[in-house]
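Undergrad: Got a structure for you, written out below as structure tokens; questions coming shortly.
Derivation of every value follows stated rules applied to the coordinates shown; laboratory data play no part. All of these numbers come straight from a predicted model, not from anything done at the bench. Please note: Cβ atoms are built from the backbone with ideal geometry, for glycine as well, and neighbour counts cover all protein chains shown.
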């Protein structure tokens, strides 16, 4: 006990109470006092020391006991203090925010906008890219390719590799479910699949059985499996439906036996906006090879990876197999087949096209959030400067820096939590406004809904934002020199130097980021405008497109031609209809038939024949849709008879490609290299799929004879308001034959609009983000400028008192305010020129770094920023010098 | 200096009473009690400090470090409101106890004593 207290022990207390040291000191004091008393009573020091220690007893024991008690007490004290401290801080912050309503409202609105936009975007990304496919072990599903369409023999060959445990070809097909009792005849989307389908998707029918491999044989393939939805709506959920034969026409059979019902909740994999309601087996007559298989092509081949196999391994095996097939079937398979062979994750294959765009947009919304945070940080900084005096007083009264920082962070977190909740609500509204879930804009976009991950994202983002906009201002406001402000008690002439620097950086980066977003939005908007100015090649206004599906089995021979001729005649007789005509595929959609051909005078190539788009049309179609017949004549009804010579029209592109500068009329083209038809006319080019894709070579043959197709799209040119005619058209079809279903009827301009819906969505989203960024940037510039000018009132006041003129002051204030804006504009323009490429395929008719568009964006930014700088500058120039000086 | 056995709880009430006159450090409390009781009640110093700390935790006392006139750092204890209330209760209990004990010790001989 006699060692002197080491000096450093004392300093330990600097970091808070030290119970051990306190006990030590207390006991030491006791002994010293006792020794003094005993010495005073006549004992010598050494004896006194021994006596003092004897009286105290077991010093070590006491020390241990006291220290233990002290530590326990210290712990509970600390817990109590920090808990009550947080509550106190929170209520303190709430009071402060309630007092400063303008600040609170500005901060909440900024946060809600930033978080709302980001959460809406993330909801889309989550739905499209992150949510798993609704099947067991969905990451084991792969899609095989060479190209999109396989014949069945090729599909079988490439999927027969060890890395795959099950596979199925899938074709999308439309069937007619005949009306009976109280049900109308209706069109149902069907999925034509193999027996392996159920193993691939890991789902078995809830009732009945899956398909059997032998049901590929045409004679045995007359079976069907219903989805739960169709089973309930059409068959009343009757379990006795198994074994029933239903009239389901199309794909070879008129009647099929129901062998199964899929479980509820099973959603057949498919294309966006198209939900299959029945499954039927693929069928193929007899054994065929890749070369001799002329069955209908399957659209997709989906497979499940074998245990422990990887997508890469499967892709390598599929490529190796394709290599061998290309060598085995020269002239049937070519290099393009080899080049496109592979396998990729099913989800990847669905969202691959939009992934990059979505990530770009997510980055864009990240910029918006950063801007929102920057503005808030600036707001907090300004408030912090105002509160320095208060903080200085409190620091002087012993409030630790940690406490002051914590208090301000609590305020930030409260703001962030409230702003985050508002933002979550706002994101619902945004998604509703974008109609993302019902427009089938993106693959899987119907899954863009609120889930746990979205909520977690919203709150994580809010907390991150709170740190982002709260920490720096809190540290700055409580910086070491807070106490100096206490002494000075008066305003400094200007903002402190670090304050000025961060103001410059803040404005410059806000302007740069906003420029980038506005430039991106401008690029997409110019793309849309360029797209709208493209001539589609036909005039869709006032045209109603009626997709009709006659049951193919019942409409063999000449019956389909006769039916459509009668329907067109009826439609043309209807009031409000000018004329009508049919084509077998709706323009501006992905649907396509492409046929190999051999044109007159062409040497047969060594490999596969080239291919051109193929369409079947009725007389009057071209006139109805306004597609000009440039030379020769339209199809006549006499061309439609079964024994008429085969004639057709080609488009100008095809004519120019085959016989440049020569007259194509009267020449022949052999379909599949065998069936010749004579060219009777040339029509204008049409952007058959979408405006952003170049027209392809096309052939149009007369509806009738061998091409008497049962499913046609009848176009009716109306005198305005095509949508109003839909009920009458449906009635006309039903009158002609109640067994014929209208798949759907909609104005052709809507079809054209839908082909651009994805572009419109992306452009709309980025424009919204751009406007947000512009507004946030303007508010930010205005805020910093007002603050700087406010802090410089005194300086300008003195200058004016000394004779400076208002114009001079205004000019000086403007140049000071615009310097960071200019720096930001330069940065933003450079970044936009470089970053335009991120928009990639979304651009149309405009280059990624289009100088005019980027300059326009910078111009808009410059004007807005100038206004934001000008208002505070004008205010300072109008300052009354005398008043400022008196105030000092 | 015969060591006298304390009744349990006695030390606490003595400390409370001592501190009711003003703030004092541990040694001061011990010295005052010894002086006051004419060294009859020798404070078991080993139990004084744990008692002080216990009472501090109970909220009866609060402590504060001060510098003594000899420039030594000492921990001074002071009665809190709760401590004052506790002292009041204890004093009453003691008074009742003392009355009860002395009524036995100083009372008249019982009737049955004469027969003894």
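Undergrad: Express in whole angstrom the spacing between the alpha-carbon centres of segment A:310-377 and segment A:816-838.
TA: 33
Undergrad: Using alpha carbons only, how many degrees (0 to 90, rounded to 10) separate the axis of helix A:59-99 from the longest principal axis of chain A?
TA: In chain A, helix A:59-99 runs at an angle near 60 degrees to the longest axis.
Undergrad: Another one. Quick one: if you stick a label point 7 Å off each Cα along the C-beta vector at residue A:86 and residue A:798, how many nm between them?
TA: A separation of 4.8 nm, rounded to one decimal place.
Undergrad: Rounded to the nearest 5, what % of DSSP beta bridges with both residues in chain A are antiparallel?
TA: 80
Undergrad: Provide A:624, B:68, B:18, A:292 in ascending order of the number of other Cβ atoms located within 10 Å of each residue's Cβ, fewest first.
TA: If I rank by nearby Cβ atoms, fewest first, I get A:292, B:68, B:18, A:624.
Undergrad: Return the FRET efficiency for the residue pair residue A:831, residue A:338: r is the Cβ-Cβ distance, R0 is 41 Å, and the value is rounded to the nearest 0.05.
TA: 0.50
Undergrad: Could you let me know the centre-to-centre spacing of segment A:171-187 and segment A:515-564, using Cα atoms, in angstrom?
TA: Distance between centres, Cα-based: 25 Å.
Undergrad: Let me ask another. Hey, what did segment A:147-340 get for relative contact order, percent, Cα under 8 Å, at least 6 apart?
TA: About 34 percent, as a whole number.
Undergrad: With the Cα gyration tensor of segment A:543-719 in hand, convert its eigenvalues to equivalent ellipsoid semi-axes via √(5λ) and list them largest first in whole Å.
TA: With the √(5λ) rule applied to segment A:543-719, the semi-axes are 26, 18, 15 Å.
Undergrad: Which percent of Cα pairs goes in each bin when the distances of segment A:43-103 are cut into 10 angstrom slices starting at zero?
TA: 18, 20, 18, 15, 12, 10, 6, 2
Undergrad: Still on this structure, I have one more. In segment A:324-350, whose amide N lies under 20 Å from the spot 7 Å out along Cα-to-Cβ of residue A:592? List them in ranges.
TA: In segment A:324-350, the label zone of residue A:592 (backbone N under 20 Å from the point 7 Å along Cα→Cβ) covers A:333-342, A:349-350.
Undergrad: Give the calculated FRET efficiency between residue A:541 and residue A:841 to the nearest 0.05, with a Förster radius of 30 Å applied to their Cβ-Cβ distance.
TA: Given R0 = 30 Å and the Cβ-Cβ separation, E is 0.60.
Undergrad: Compute the long axis of helix A:346-386 from its Cα atoms, compare it with the longest principal axis of the Cα atoms of chain A, and write down the angle in degrees, 0 to 90, nearest 10.
TA: Approximately 30 degrees, to the nearest ten.
Undergrad: While we're looking at this one, here's another question. Using the Cα atoms of the protein assembly as shown, I'd like the radius of gyration and the largest Cα-Cα distance, Dmax, both in angstrom.
TA: 45.1, 159
Undergrad: Run the numbers for residue A:21 and residue A:356: contour at 0.36 nm per residue of separation, minus the present Cα-Cα distance, in nm.
TA: Contour length minus Cα-Cα distance gives 114.3 nm.
Undergrad: Once R0 is set to 51 Å, what does the formula 1/(1 + (r/R0)^6) return for the Cβ-Cβ distance between residue A:855 and residue A:292, expressed as a FRET efficiency to the nearest 0.05?
TA: Efficiency, rounded to the nearest 0.05: 0.25.
Undergrad: Where does helix A:497-532 land angle-wise versus the long Cα axis of chain A, in degrees 0 to 90, nearest 10?
TA: Once rounded, the angle reads 10 degrees.
Undergrad: List the relative contact order of segment B:19-116 as a percent without decimals, with contacts defined as Cα pairs under 8 Å and 6+ residues apart.
TA: This gives 26 percent for segment B:19-116.
Undergrad: Between residue A:386 and residue A:435, what is the label-point separation in nm under the 7 Å Cα-to-beta-carbon projection?
TA: Using points 7 Å along Cα→Cβ, the separation is 4.5 nm.
Undergrad: On full extension of the chain, what length is gained from residue A:53 through residue A:160, given 0.36 nm per residue of separation minus the C-alpha to C-alpha distance?
TA: Separation in residues times 0.36 nm, less the Cα-Cα distance, equals 29.2 nm.
Undergrad: What percent does the relative contact order of chain A come to when contacts are Cα pairs within less than 8 Å and at least six residues apart?
TA: Once divided by the residue count of chain A, the mean separation gives 15 percent.
Undergrad: Another question about this same structure. What residues of segment A:678-720 lie in the reach of a label at residue A:657, counting those whose backbone N is under 20 Å from a point 7 Å from the Cα along Cα→Cβ?
TA: A:678-702
Undergrad: Could you give the length gained on full extension between residue A:456 and residue A:402, defined as 0.36 nm per residue of separation minus the Cα-Cα distance, in nm?
TA: 16.6 nm
Undergrad: What is the spin-label model distance, in nm, from residue A:64 to residue A:78 if the labels are put 7 Å beyond Cα along the C-beta direction?
TA: Result: 2.3 nm between the two label points.
Undergrad: Mark the label point 7 Å from the Cα of residue A:675 along Cα→Cβ and return the residues of segment A:617-655 whose backbone N is within less than 12 Å of it.
TA: Of the residues in segment A:617-655, A:646-647 have backbone N under 12 Å from the label point off residue A:675.
Undergrad: Next up: If you rank A:659, B:60, B:112 by fewest surrounding Cβ atoms within 10 Å, what's the result?
TA: B:112, A:659, B:60
Undergrad: What fraction of the Cα pairs in segment A:147-340, stated in percent, has a spacing above 27 angstrom?
TA: In whole percent, the long-distance tail amounts to 32.
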